[in-house]
Amino acid sequence: MEKRQELYAGKAKSVYTTDDPDLLIMHFRDDTSAFDGKKKESLARKGCVNNVFNAFIMARLEDAGIPTHFEKRLSDTESLVKRMDMIPVECVIRNVAAGSLVKRLGVEEGMALTPPTFELFLKNDEKSDPMINESLAETFGWATPEQLTRMKALTFKVNHVLKQLFAEGDMLLVDYKLEFGIFKGQVILGDEFSPDGCRLWDANTREKMDKDRFRQGLGGVIEAYEEVGRRLGIQFTH
Ligand SMILES: Nc1ncnc2c1ncn2[C@@H]1O[C@H](COP(=O)(O)OP(=O)(O)O)[C@@H](O)[C@H]1O
Ligand SMILES: [Mg+2]
């Protein structure tokens, strides 16, 4: 697989074209950001940890019948993915109250959410990823009603698979964000699933094991990501 030009450099990953027009190389960098890119730092080993972690999770999701863009891991920090037209809508499921939901509604962090909530956000850093809904997405052309229905169903299916997987490692999947795209007319899961885009707590102590450690300056960020991986039986290559 020949790596050609850089297509896009995001906050944490860079995407490259290849000699196959349907495939991209996704490079996971050590760069870490929060608050719409306002807080930035480079954290040693993060690119490798997230790349290996993501490969493990995407394979589990594929096994469960969820279509993803993931093809294969190429190296410590690179993976091959299907080139998609991204849908600029982030799908969020929350099993437990935390983060912006706590601020917005004034509910207590840690409250169990039954049934889990489903929210949509526009992926737009300049606008600070505003919360949207299906009507706005349709009117402004961000996603069709059919795509939104599919994205919602797949996001719940991911919840079913991953809640169980993390529970087996004594972790609570508090919430997570997914991004979808279109490949050959089908809605499939894109981007990444890693402790950067979800909240994971130790099931017993409720200790944070995700990017909130970075947001809140708690330290031990990558050590916590590695512990999450260790509990899932992931062998890191670094
Ligand atoms: N399969 C794919 N095809 C094309 N673009 C993708 C694919 N998967 C993810 N992307 C996009 O690539 C970028 C990944 O880099 P990232 O650092 O996460 O960027 P951002 O700062 O925009 O979130 C994101 O903009 C994401 O939407
Ligand atoms: Mg991103």
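The values are calculated or read from the model by the stated rules, or taken from the named source; none is laboratory data. From a predicted model like this one, the values you see are computed outputs, not experimental measurements. Cβ coordinates were reconstructed from backbone atoms using ideal geometry, including for glycine residues, and neighbour counts include every protein chain displayed. Areas reflect the complete protein model, heavy atoms only, side chains present, ligands, DNA and RNA absent. Shrake-Rupley method; radii C 1.70, N 1.55, O 1.52, S 1.80 Å.
Regarding residue 121, is this residue under 20 Å from residue 62 (Cα atoms) and open to solvent by less than 70 Å² (accessible area, probe 1.4 Å)? Even if it seems obvious, please write down each step before you answer.
On the way: under 20 Å from residue 62 (Cα atoms): no; open to solvent by less than 70 Å² (accessible area, probe 1.4 Å): yes.
Here the answer is no, as residue 121 does not meet what is asked.
From the list 179, 207, 192, the one residue that fits, being charged (D, E, K, R), in contact with a Phe, Trp or Tyr (Cβ under 8 Å, 6 or more places away or on another chain) and touching a residue at least 60 places away in the same chain (Cβ under 8 Å), is 192. I'd like the full set of residues that are in contact (Cβ under 8 Å) with a residue 24 or more places away in the chain and within 14 Å of ligand 2 (Cβ to nearest atom), limited to the range 1-14. Residues satisfying the conditions are 11, 12, 13. Residue 36 meets each of the listed conditions (1) under 29 Å from residue 163 (Cβ atoms); (2) outside any loop (DSSP other than H, G, I, E, B) apart from (2). Taken over the range 57-106, the residue count meeting the criterion of being within 17 Å of residue 199 (Cα to Cα) and not in a helix (DSSP H, G or I) is 9.
Residue by residue, here is whether (1) at positive phi; (2) in contact with a strand residue (DSSP E or B) (Cβ under 9 Å, 6 or more places away or on another chain); (3) open to solvent by 60 Å² or more (accessible area, probe 1.4 Å); (4) of a type in the set (D, E, K, R) holds:
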residue: 3; (1), (2), (3), (4): no, yes, yes, yes
residue: 13; (1), (2), (3), (4): no, yes, no, yes
residue: 21; (1), (2), (3), (4): no, no, yes, no
residue: 29; (1), (2), (3), (4): no, yes, no, yes
residue: 35; (1), (2), (3), (4): yes, no, yes, no
residue: 58; (1), (2), (3), (4): no, yes, no, no
residue: 62; (1), (2), (3), (4): no, yes, yes, yes
residue: 80; (1), (2), (3), (4): no, yes, no, no
residue: 91; (1), (2), (3), (4): no, yes, no, no
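Is one or more of the residues making up the range 106-126 closer than 30 Å to residue 206 by Cα, touching a Phe, Trp or Tyr at 6+ places or on another chain (Cβ under 6 Å) and not small (Gly, Ala, Ser)? Before the answer, list the steps.
Here is the first cut: in the range 106-126, the residues closer than 30 Å to residue 206 by Cα are 106-123, 125.
The next check asks that each one be touching a Phe, Trp or Tyr at 6+ places or on another chain (Cβ under 6 Å); those that pass are none.
For the range 106-126, residues closer than 30 Å to residue 206 by Cα, touching a Phe, Trp or Tyr at 6+ places or on another chain (Cβ under 6 Å) and not small (Gly, Ala, Ser): absent.
Checked across the range 89-100, the condition of being more than 22 Å from residue 184 (Cβ to Cβ) and within 16 Å of ligand 1 (Cβ to nearest atom) holds for at least one residue.
Within the range 195-238, the residues that satisfy the criterion of being assigned to a helix (DSSP H, G or I), closer than 22 Å to residue 35 by Cα and either open to solvent by 50 Å² or more (accessible area, probe 1.4 Å) or small (Gly, Ala, Ser) (or both) are 215, 223, 224. Of all residues in the range 130-144, those satisfying the criterion of being more than 15 Å from residue 86 (Cα to Cα) and open to solvent by less than 50 Å² (accessible area, probe 1.4 Å) are 130, 132.
Collect the residues in the range 43-55 that are out of contact with any strand residue (DSSP E or B) (no Cβ under 9 Å at 6 or more places or on another chain) and surrounded by fewer than 23 Cβ atoms within 10 Å (Cβ to Cβ), keeping them in residue-number order.
We begin by selecting, within the range 43-55, every residue out of contact with any strand residue (DSSP E or B) (no Cβ under 9 Å at 6 or more places or on another chain); these are 44-45, 53.
Within the range 43-55, 44, 45 meet the criteria.
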